[in-house]
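Here's the structure, in structure tokens; my notes come after.
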Amino acid sequence: MTDTSQSPEWEFYERHFATARMAHYLKEFDGDKNRARALYAWNNEISAGFWELLAYLEVGLRNTIDRQMTARRLAVGNEQHWLIGESQNLIQLNSRLGKDLEAAKRRVHQNGKELTGEQMLSELSFNFWTLMIANKTKKYWPDLAGGFIGLPSRSSKDLACLLNEVRNFRNRIGHHHRIWNLDLQMMHQKIKTVALFIDPAFSEWLAHKSRVDDILKRRP
């Protein structure tokens, strides 16, 4: 268990982290404030462990999609970056993709950078990459499928389902919600499975990098 001998008083936690927020931790241990503080610290630690994996996964996913979409354009002799050349098609297929594209453009301009596909690539959210595998954009799937060499079939259904779950989990961590009450072993496996669908070697590398199993063993 995490050492809480030097922890501030409980009132400190309620003041800075909110009474309603801390109530969930207190309830888990029937009012034991030391254990509740330890769980709060552990929740941050396990969230950080997962965030590392999600950072690797997100960049790997977007580069896979970018590589396949780029090859799609080059196959017909079009060298314009697909995030520029396909933007109107994407917006027509799914308005949510359009919102993400517009947000990425604003961030590029705010950063004082030239509006290029490469700059937009780094500004797009995980949500965008999830939507690229969704049913509304299935016209692109035949070209994207070749990038997911570990996918058991040519169907995108399993991948899309997993990506939605991973995105929701990522958002919980991003908004600093508690995750200790979730099946974290299962979520760990789902993240590795998405990586497996991209490339079995990527999943193996991610598993080697992961600190999640070690942190899970230390749960208060």
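The values are calculated or read from the model by the stated rules, or taken from the named source; none is laboratory data. Fair warning: this is a prediction, and the values are worked out from it, not measured in the lab. Please note: Cβ atoms are built from the backbone with ideal geometry, for glycine as well, and neighbour counts cover all protein chains shown.
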Exercise. Out of all the residues in the range 35-67, which are buried (at least 16 other Cβ atoms within 10 Å of the Cβ), more than 30 Å from MET120 (Cβ to Cβ) and of a type in the set (S, T, N, Q)?
Worked result: ASN43
Seminar exercise, completed: Going through the range 175-200 in order, the residues found to be over 15 Å from THR64 (Cβ atoms) and of a type in the set (Asp, Glu) are ASP183
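If we scan the range 109-116, do we find a residue that is touching a Ser or Thr at 6+ places or on another chain (Cβ under 6 Å) and either outside any helix (DSSP H, G or I) or in contact (Cβ under 8 Å) with a residue 12 or more places away in the chain (or both)? Working first, answer last.
Quick first cut of the range 109-116, residues touching a Ser or Thr at 6+ places or on another chain (Cβ under 6 Å) only: none.
Checked the range 109-116: no residue is touching a Ser or Thr at 6+ places or on another chain (Cβ under 6 Å) and either outside any helix (DSSP H, G or I) or in contact (Cβ under 8 Å) with a residue 12 or more places away in the chain (or both).
Could you tell me whether any residue of the range 56-68 is closer than 30 Å to TYR13 by Cβ and over 11 Å from the mean Cα position of the chain (by Cα)? Reasoning before the result, please.
In the first step, residues of the range 56-68 are kept if they are closer than 30 Å to TYR13 by Cβ; the result is none.
Looking for residues that are closer than 30 Å to TYR13 by Cβ and over 11 Å from the mean Cα position of the chain (by Cα), one finds none in the range 56-68, hence no.
Can you pull out every residue in the range 34-43 that is in contact with an Asp or Glu (Cβ under 9 Å, 6 or more places away or on another chain) and without any contact (Cβ under 8 Å) to a residue 60 or more places away in the chain?
Kept after step one, since they are in contact with an Asp or Glu (Cβ under 9 Å, 6 or more places away or on another chain), are these residues of the range 34-43: 35-36, 38-39.
Listed by number, the list holds a single entry, ALA36.
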Problem set entry | Given (1) part of a helix (DSSP H, G or I); (2) under 17 Å from SER156 (Cβ atoms), number of the condition ILE133 does not satisfy | (1)
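Being part of a loop (DSSP other than H, G, I, E, B), crowded, with 19+ Cβ neighbours inside 10 Å and touching a residue at least 12 places away in the same chain (Cβ under 8 Å), is that true of even one residue in the range 183-195? Step through it out loud before you land on a result.
Kept after step one, since they are part of a loop (DSSP other than H, G, I, E, B), are these residues of the range 183-195: 183.
Okay, now just the ones that are also crowded, with 19+ Cβ neighbours inside 10 Å, so none.
For the range 183-195, residues part of a loop (DSSP other than H, G, I, E, B), crowded, with 19+ Cβ neighbours inside 10 Å and touching a residue at least 12 places away in the same chain (Cβ under 8 Å): absent.
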Seminar exercise, completed: Out of (1) exposed (fewer than 12 other Cβ atoms within 10 Å of the Cβ); (2) modelled with pLDDT under 95, the one THR2 does not meet is (1)
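Condition check ((1) of a type outside the set (A, V, I, L, M, F, W, C); (2) part of a loop (DSSP other than H, G, I, E, B); (3) at pLDDT below 95) across all residues:
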site	(1), (2), (3)
SER7	yes, yes, yes
GLU11	yes, no, yes
HIS24	yes, no, no
LEU39	no, no, no
LEU53	no, no, no
For this session: Considering only residues that are surrounded by fewer than 17 Cβ atoms within 10 Å (Cβ to Cβ) and among the aliphatic types (A, V, I, L, M), look in the range 68-91 and name the one that is nearest to GLY147 (Cα to Cα).
Result: ALA71
